[in-house]
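The values are calculated or read from the model by the stated rules, or taken from the named source; none is laboratory data. If you're wondering where the values come from, they're calculated on a predicted model, not measured in any experiment. Please note: Cβ atoms are built from the backbone with ideal geometry, for glycine as well, and neighbour counts cover all protein chains shown.
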Amino acid sequence: MANSRLSGFYKLPPHERLSLVVKECALTKEESDSLSGIGLSVSQADRMIENVVGLYSLPVGIATNFLINGRDYIVPMVVEEPSVVAAASNSARIAREGGGFKAETTDPVMIGQIQVIGLVDAKEAAEIVLSHKQEIVDFCNQQDSILVKFGGGCRDVEARVIDTKGGKMLIVHILVDVRDAMGANAINTMAERVAPKIEEWTGGKVLLRIISNLAVYRLARSKAVFPAKELGGEEVVDAILNAYWFAEADPFRGATHNKGIMNGISAVTVATGNDWRAVEAGAHSYASFKHHRYTTLSHYEKDKNGDLVGTIELPLAVGLVGGATKIHPTARANVRILGVKSAAELSQVIASVGLAQNLAALRALATEGIQKGHMRLHARNVAATAGAEGDDVEEVARLIYEAKKVNVEYAKEVLANLKK
């Protein structure tokens with residue numbers, strides 16, 4: 001088992017960090033090479049999407065200190081924004097002092113939607129569909145014997161009547177346990193194959209047959225205790241709670257609060273080759289769905305010891321089979337670094353990273369302000385943009401940060417003075 005408590009990891013140069021990760025995670029040469037820039041080829045990319053002309057690279061960072069359900073995880077994150085990886089690692093260290101993250105998932109059940117229009121009586125049509133529930137379940141499971149073999153398959157059927165500008169519509173839901181897949185292909189196939197039967201029974205016309213990204217049955221939850229002494233004391237805990245209450249009550253703040261959560265969640269989702277757009281859509285829609293208004297995905301309270309307790313719950317439709325997770329060499333290497341064996345375990349890690357990311361943002365906002373730590377790291381980007389190279393990058397970054405003038409023009413001036 002890899003040790004995520006990599007003391008001084010951030011002080012090492014990139015090649016030494018990689019060597020340490022290779023050793024801890026027993027990566028192969030191919031996996032190591034994929035992280036060194038010898039990853040996805042143009043020919044591989046050409047099989048992934050259309051009209052390929054080249055590749056676009058993003059940094060892979062490693063978040064340390066994560067202890068989840070008693071196990072250490074070294075967490076790869078793909079993100080372009082400074083301070084995200086460092087913030088997640090620091091929050092994970094604080095959570096570690098409180099016993100780490102306790103995470104769980106529900107069964108990986110996704111929803112396939114079948115839209116039925118042109119009905120004489122939509123309510124009666126819904127009752128007809130439900131009277132054929134077992135037949136629908138059995139027929140759907142005939143479409144994917146492999147999924148059924150691995151313990152998945154269609155589990156249930158729902159029927160909803162909705163009012164629209166085009167009149168009443170019947171929306172049939174097939175609920176499918178997709179196991180370790182994201183599930184879109186399996187569900188869309190089932191929905192398309194069963195559609196003619198639903199038309200026959202209801203007398204209506206089926207239009208859309210598509211998976212829903214609001215995966216309300218496929219939830220991931222994580223919880224952690226952040227000791228007050230590690231956060232900076234009782235005043236900091238109270239400040240974080242006030243910041244959380246603001247976000248919980250106000251959608252304008254709540255949207256940015258949840259964006260901070262997604263900084264971590266999307267970074268791990270991208271790193272493992274999963275569909276981050278689907279995850280983002282599901283998360284933000286769930287933030288409105290659960291309480292019938294837009295609010296926070298996380299929750300905070302103070303326990304009897306005065307420590308801060310954070311929890312998070314959101315839908316996470318991620319998989320380990322199919323798609324870029326299996327095709328992209330760097331995604332495969334990142335899954336190996338994580339060491340997860342199931343989509344459920346991956347979801348537990350991702351939810352925990354989201355909670356850690358959120359706590360870091362709240363703590364920064366409630367104390368020194370979000371810009372201080374962010375600008376310290378952003379200064380390196382500015383220095384490089386100004387033309388600094390090698391050791392000059394860190395020196396220029398330090399000087400412009402200390403002068404509180406983190407902009408390219410001032411960085412160019414500082415760089416010119418250094419060269420003199």
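So in region 53-64, with the set limited to residues that are small (Gly, Ala, Ser) and under 20 Å from VAL79 (Cβ atoms), which one is modelled with the lowest pLDDT?
The extreme case among them is SER57.
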In region 214-265, the residues that are in contact with a Gly (Cβ under 9 Å, 6 or more places away or on another chain) and polar (S, T, N, Q): SER222, ASN263
Helices (runs of 4 or more DSSP H) contained in region 88-157 and holding at least 1 residues more than 30 Å from PHE66 (Cβ to Cβ) and at pLDDT below 95: 145-149
Wholly within region 302-420, helices (runs of 4 or more DSSP H) carrying at least 3 residues that are at pLDDT 95 or above: 329-338, 343-366
Count - residues of region 262-298 that are more than 20 Å from PHE66 (Cβ to Cβ) and without any contact (Cβ under 8 Å) to a residue 24 or more places away in the chain: 6
THR202 vs. criteria buried (at least 24 other Cβ atoms within 10 Å of the Cβ), under 20 Å from LYS123 (Cα atoms) and not aliphatic (A, V, I, L, M): yes
Region 1-21, residues that are loosely packed, with under 13 Cβ neighbours inside 10 Å and of a type in the set (D, E, K, R): LYS11, GLU16
Meets criteria (over 30 Å from GLU104 (Cα atoms), in contact (Cβ under 8 Å) with a residue 60 or more places away in the chain and not acidic (Asp, Glu)) for ASN334: no
Among residues of region 220-241, those that are within 30 Å of ILE111 (Cα to Cα) and either in a helix (DSSP H, G or I) or not small (Gly, Ala, Ser) (or both), counted: 2
Extreme residue, nearest to the chain's Cα centre (by Cα), among residues of region 78-134 that are closer than 19 Å to GLU199 by Cβ and of a type in the set (Val, Ile, Thr): ILE114
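Any idea which of THR269, THR296 is assigned by TED's automatic domain parsing to the domain that holds SER91 and either in a loop (DSSP other than H, G, I, E, B) or at positive phi (or both)?
Values: THR269 fails: either in a loop (DSSP other than H, G, I, E, B) or at positive phi (or both).
Residue meeting the stated conditions: THR296.
Return a yes/no flag: does region 280-290 have any residue that is on the phi < 0 side of the Ramachandran plot, in a loop (DSSP other than H, G, I, E, B) and outside the structural domain of GLY152 (by TED's automatic domain parsing).
yes
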Filtered residues of region 196-237 (kept if of a type in the set (D, E, K, R) and within 27 Å of the chain's Cα centre (by Cα)): ARG209, ARG218, ARG221, LYS223, GLU230
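Any idea which of GLU50, GLU30, GLU81 is in the same structural domain as THR330 (by TED's automatic domain parsing), modelled with pLDDT of 95 or more and outside any strand (DSSP E or B)? Give the steps one after another, and end with the answer.
On the way: GLU30 fails: modelled with pLDDT of 95 or more; GLU81 fails: modelled with pLDDT of 95 or more.
Exactly one residue qualifies, and that residue is GLU50.
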Of all residues making up region 1-25, the number that are of a type in the set (A, V, I, L, M), assigned to a loop (DSSP other than H, G, I, E, B) and touching a residue at least 12 places away in the same chain (Cβ under 8 Å): 3
From TYR244, TYR217, residue being aromatic (Phe, Trp, Tyr) and part of a helix (DSSP H, G or I): TYR244
